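Before any comments, here is the structure.
The values are calculated or read from the model by the stated rules, or taken from the named source; none is laboratory data. Predicted model only: the values in this text are computed from it and were never measured. Backbone-built Cβ (ideal geometry, glycine too); neighbour counts: all protein chains shown.
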Amino acid sequence: MEAAQCSQYLSHPSIAPKLTFRPKHTKRNSDALGKDAGSRPALRQASKVYRSRFSVQSSTDSEGASAWIDGWKKRTAAGGKESPKKGLREIHVEKQRKFTYIYLPDFYSEESDFTALYLKDTFESVGCTLLVPVLVPPGESFTLSSALEELTSLVAGEEQQVRLIGSRIGALIAALYAERQPEKVHSLFLLEPAFNLASTAEAMVGGSEAMQQWQTNGTATFGQNTASYQMVEEAAAYSAYPFVRCPAYVVHGTMDDIFPIDNALKWVRAASVNMRKTGDPTDEVGERRLLEVQCGSGLEGALGMARAKMIDWFGLRGAAKETPQIDLEGENYTTLRDQALPHSHNWEVYDRYVENFEAQQKEKKDMDDKTTDKEGAS
């Protein structure tokens, strides 16, 4: 029975007179009613007073109940059932989902970059979308300045701060952008950041001869992409270790022979004012963490570990997993790249990558074993 009907029922004349109220004969009541407190007229008067009070209380309860019923109808109008109350964890996760997450891959990553595919699916599993911008326009050579311009253009349309994830050169771009636009970046998650790039470019290109050829030709080819030597000149002009004020988490391989872990360690320690050099900024910065992984260049084999740390770092732990609904036979899924959109789980690409990775590791191990056997025989 709704509140309005209940109120009408209680106020009906055939019902109300039957509700008799007999006040207790306390000293307070006797003083209020005088010497005739026990007489019938006095009792009838007291009953009228109590009935009046009851009527007022019923009206107030009716208004409160009506408001509650209206609210309940609004809450259940969409789904037909009243939604359960959200816990503090769910409320916290929803706030984290409102951020824009952007992944900046290494500049010479292939079109079907494994790390990008893996991270897209990771964020989709917790109800978030991961943006992966193209930092190198088709047919152009990669430079740090052009990549920063592309990222600046992308973030300019965001109303609130963004969270940046980067790999190698992409991680350096993320840190440089956070240094220049601190009000735009909430936090960073960096995979093998290429700090001090001007000093590590020679190892990246493959030695001193290749470095000399890169400088002479003006460009060098890395995988499917081309990098201008201007990138090295810009790296020398930019901060080798960008001063970033927002919180940052770094994952780095201990045996990386291209971008040494010592560079990442130096950048993380710079969060402490006492660890900075004379002349460095003295501003306080956000928390920085470093996860050391026992591997060489490339973190593909440690992405599972990095994934768990990243989910915790961004406060997405406990987010409900979602099963993506995709139609692999549809006209929108004609290529591997189309199948690897943020809302898909492209396990076939993963399987092929893992098979190739394991084959390369086995081949390397066999070569190491042969070298060890030769040294032992000699």
- request: Check whether at least one residue in segment 182-205 is touching a Ser or Thr at 6+ places or on another chain (Cβ under 6 Å), of a type in the set (K, R) and either farther than 17 Å from L135 by Cβ or not in a loop (DSSP other than H, G, I, E, B) (or both), and report yes or no.
  value: no
- request: Pick out the one residue from A227, A210 that is under 34 Å from the mean Cα position of the chain (by Cα), assigned by TED's automatic domain parsing to the domain that holds E300 and of a type in the set (G, A, S).
  value: A227
- request: Sort through L130, L119 and tell me the only one that's in contact (Cβ under 8 Å) with a residue 24 or more places away in the chain and touching a helix residue (DSSP H, G or I) at 6+ places or on another chain (Cβ under 6 Å).
  value: L130
task: Considering each of E179, E183 in turn, give the residue that is without any contact (Cβ under 8 Å) to a residue 60 or more places away in the chain and either among the polar types (S, T, N, Q) or assigned by TED's automatic domain parsing to the domain that holds R289 (or both).
output: E183
task: Determine whether segment 156-170 contains at least one residue that is in contact (Cβ under 8 Å) with a residue 60 or more places away in the chain and of a type in the set (D, E, K, R).
output: yes
query: Right, Q294: at pLDDT 80 or above and either over 26 Å from the mean Cα position of the chain (by Cα) or exposed (fewer than 14 other Cβ atoms within 10 Å of the Cβ) (or both) or not?
result: yes
